[in-house]
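Structure record follows, encoded as structure tokens.
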Amino acid sequence: MVILSLILKRARIKALVKDKRSTGEAFGTYVECMVGNIRDKSFTRKTLRGVRAVICPTDDGFFSDQIDLKGVEHIVLLSQLSVYRNSGGLQAIMNSKLRKLAERDENVVLASGIPSTIIRSASLETTPGGEKGFNFTEGIAAKGKISREDAATICVEALDAIPQTTLIFEVANGDENVTDWKTWFAERMAKG
């Protein structure tokens, strides 16, 4: 969903993928597909050459090890940490590893010193996006739901709003309609 949103925004895209051929078939020349091990410093340097921003859409553990982000000016992390923290019983046991990876991802992003936007989303659903508004109330991510398409839209819109240090907020689908994301992000950053 993030790649599709970036294509619609006419952004230049480099994507770290597992299968270059199927991704190439799906997105064509719109995406420069990179296949390799993110922990390999030479691969990371090559991959991030010319990259201004990184979007990490809930790939828990992506930042679990320190990776060289030299040259990156903005990180957008879609985090499911609130969902994992709120799970109980058997679900909590099943999510314990994911919770640790999500916590580590957030900690690595925060420690990087790179301006970052951490979007703590509610549980992701495979439902059509754009049909509902949003809810940005603190604590909503632990109990709400959001469509993958809406979460991808927020990630892409965050690219144009680089905070001074770090912007962290929670989101689920709700009743608030956002028609101007630049203004919304500017107001969030002004609140600090």
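The values are calculated or read from the model by the stated rules, or taken from the named source; none is laboratory data. Because the structure is a prediction, the values reported are computed rather than measured. With ideal geometry, Cβ positions are generated from the backbone for all residues, glycine too; neighbour counts draw on all protein chains shown. What goes into the accessible areas is simple: the full protein's heavy atoms, side chains included, and nothing from ligands, DNA or RNA. Shrake-Rupley method; radii C 1.70, N 1.55, O 1.52, S 1.80 Å.
Go through (1) hydrophobic (A, V, I, L, M, F, W, C); (2) in a helix (DSSP H, G or I); (3) open to solvent by 30 Å² or more (accessible area, probe 1.4 Å) for A11 and report which single condition fails.
(2)
If we keep just the residues of the range 60-89 that are at pLDDT below 80, farther than 25 Å from G50 by Cα and not in a helix (DSSP H, G or I), which is least open to solvent (accessible area, probe 1.4 Å)?
The qualifying residue least open to solvent (accessible area, probe 1.4 Å) is S87.
Could you check A142 against (1) at pLDDT below 95; (2) under 18 Å from the mean Cα position of the chain (by Cα); (3) within 22 Å of I3 (Cα to Cα) and say which number it fails?
A142 satisfies all of (1) at pLDDT below 95; (2) under 18 Å from the mean Cα position of the chain (by Cα); (3) within 22 Å of I3 (Cα to Cα) except (3).
Looking at the range 115-127, can you tell me whether even one residue there is surrounded by fewer than 19 Cβ atoms within 10 Å (Cβ to Cβ), on the phi > 0 side of the Ramachandran plot and over 16 Å from the mean Cα position of the chain (by Cα)?
No, every residue in the range 115-127 fails to be surrounded by fewer than 19 Cβ atoms within 10 Å (Cβ to Cβ), on the phi > 0 side of the Ramachandran plot and over 16 Å from the mean Cα position of the chain (by Cα).
Can you spot a residue in the range 90-103 that is open to solvent by less than 50 Å² (accessible area, probe 1.4 Å) and either closer than 20 Å to E73 by Cα or not in a helix (DSSP H, G or I) (or both)?
No, the range 90-103 contains no residue that is open to solvent by less than 50 Å² (accessible area, probe 1.4 Å) and either closer than 20 Å to E73 by Cα or not in a helix (DSSP H, G or I) (or both).
If you check every pair at least six apart or on different chains, which have Cβ atoms under 8 Å apart with a residue in the range 106-126 that is farther than 18 Å from F62 by Cβ first and a residue that is of a type in the set (A, V, I, L, M, F, W, C) and at pLDDT below 90 second?
Every condition considered, the pairs that remain are A122/V83; S123/V83.
This table checks each residue for (1) assigned to a loop (DSSP other than H, G, I, E, B); (2) out of contact with any helix residue (DSSP H, G or I) (no Cβ under 8 Å at 6 or more places or on another chain); (3) under 18 Å from V76 (Cβ atoms).
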position	(1), (2), (3)
G113	yes, yes, yes
F134	no, no, yes
T137	yes, yes, no
A151	no, yes, yes
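Applying the selection to the range 149-190, what residues are among the basic types (K, R) and either more than 21 Å from A122 (Cβ to Cβ) or modelled with pLDDT of 95 or more (or both)?
The one that is among the basic types (K, R) and either more than 21 Å from A122 (Cβ to Cβ) or modelled with pLDDT of 95 or more (or both): K182.
Test each condition in (1) open to solvent by 70 Å² or more (accessible area, probe 1.4 Å); (2) part of a helix (DSSP H, G or I) for V109 and report the one that comes out false.
Evaluating V109 over (1) open to solvent by 70 Å² or more (accessible area, probe 1.4 Å); (2) part of a helix (DSSP H, G or I) leaves (1) as the failure.
Please count how many residues of the range 17-43 are modelled with pLDDT of 85 or more, in a helix (DSSP H, G or I) and open to solvent by 30 Å² or more (accessible area, probe 1.4 Å).
Adding up the residues that qualify gives 10.
Name the pairs whose Cβ atoms lie under 8 Å apart, with the first residue in the range 175-189 and outside any helix (DSSP H, G or I), the second among the β-branched types (V, I, T) and open to solvent by less than 80 Å² (accessible area, probe 1.4 Å), and 6 or more positions between them or separate chains?
As it stands, the answer is none, since no pair meets every condition given.
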